[in-house]
Amino acid sequence: IVSDDALTPEPLFKGGGQERRQRSGTENVAGIAGFAAALKAVIQAREPAVSRMQQLRDRLEDGLKRAHGETIVFGEGVARLPNTTAFALPGLSAETALIAMDLAGVAVSSGSACSSGKVATSHVLAAMGVPTEIARGALRVSSGPTTTAQDVEAFLAAWTRFLQRRVARAA
């Protein structure tokens, strides 16, 4: 509610006196009803989708740890997005891993989505107390509505091959 003494913005559309002259026209009742129906459908479909993505995420994280026991999964054991895994491996450069996974046809990213294109380590991981040398190697894997268990297994196979090549080069 806009008080009488407040500065009243100029309406974008001129018209009748509906809504204290703040907006003109009649409400789009069909649009409102359609939006409510769409919202109801999304809410009903949400739980099964969230559960499926959590299962895929957990499968991915278990596979990461099996591939290398020193894998660190950020936020593990707390409430978080069901479709995103952020992880790191001590001594691993995120840039090296990004290139290797890209060459394997797997899309991963480093840092957070809101920091895309930035070179600095994640301010979020820093706030979580993650040491800089670990945060520099952080990677992020996300799934979506069409992600399958086979997609997770393909990622894990590519990741395992990358780790094996890395160990072979170090030897």
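The values are calculated or read from the model by the stated rules, or taken from the named source; none is laboratory data. Keep in mind the model is a prediction, meaning the values are calculated, not measured. Cβ placement follows ideal geometry from the backbone for every residue including glycine, while neighbour counts extend to all protein chains displayed. SASA here: full protein model, heavy atoms, side chains in, ligands and nucleic acids out. Shrake-Rupley method; radii C 1.70, N 1.55, O 1.52, S 1.80 Å.
Results, tabulated for the structure shown:
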read-out: FRET efficiency, T84 to N28 (Cβ-Cβ, R0 41 Å, nearest 0.05); value: 0.70
read-out: The chain: angle of helix 149-170 to the longest principal axis, Cα-based, in degrees nearest 10; value: 40
read-out: Stretch gain in nm, segment I99-A38, where the contour uses 0.36 nm per residue and the Cα spacing is subtracted; value: 17.9 nm
read-out: Two-site label geometry, Q164 and E47: point separation in nm, points 7 Å out along Cα→Cβ; value: 4.3
read-out: Lys, Arg +1 and Asp, Glu -1 on Cβ, resulting dipole of the chain about Cα centre, debye, nearest 20; value: 360
read-out: For a label point 7 Å along the Cα-to-beta-carbon line of E76, residues of the range 128-171 with backbone N under 11 Å; value: none
read-out: P(r), alpha carbons of the chain - 5 Å bins starting at zero, rounded %; value: 1, 7, 13, 15, 13, 10, 6, 6, 7, 7, 6, 5, 2, 1, 0, 0
read-out: Candidates M53, M101, M128: whichever shows maximal mean-square fluctuation once the chain is modelled as a Gaussian network with Cα springs under 10 Å; value: M128
read-out: Carbon + sulfur, % of accessible area of the chain - ligands and nucleic acids excluded, 1.4 Å; value: 59
read-out: Per residue accessible area of the chain, 1.4 Å probe, in Å²; value: 67
read-out: Candidates A100, A33, A67: whichever shows maximal mean-square fluctuation once the chain is modelled as a Gaussian network with Cα springs under 10 Å; value: A33
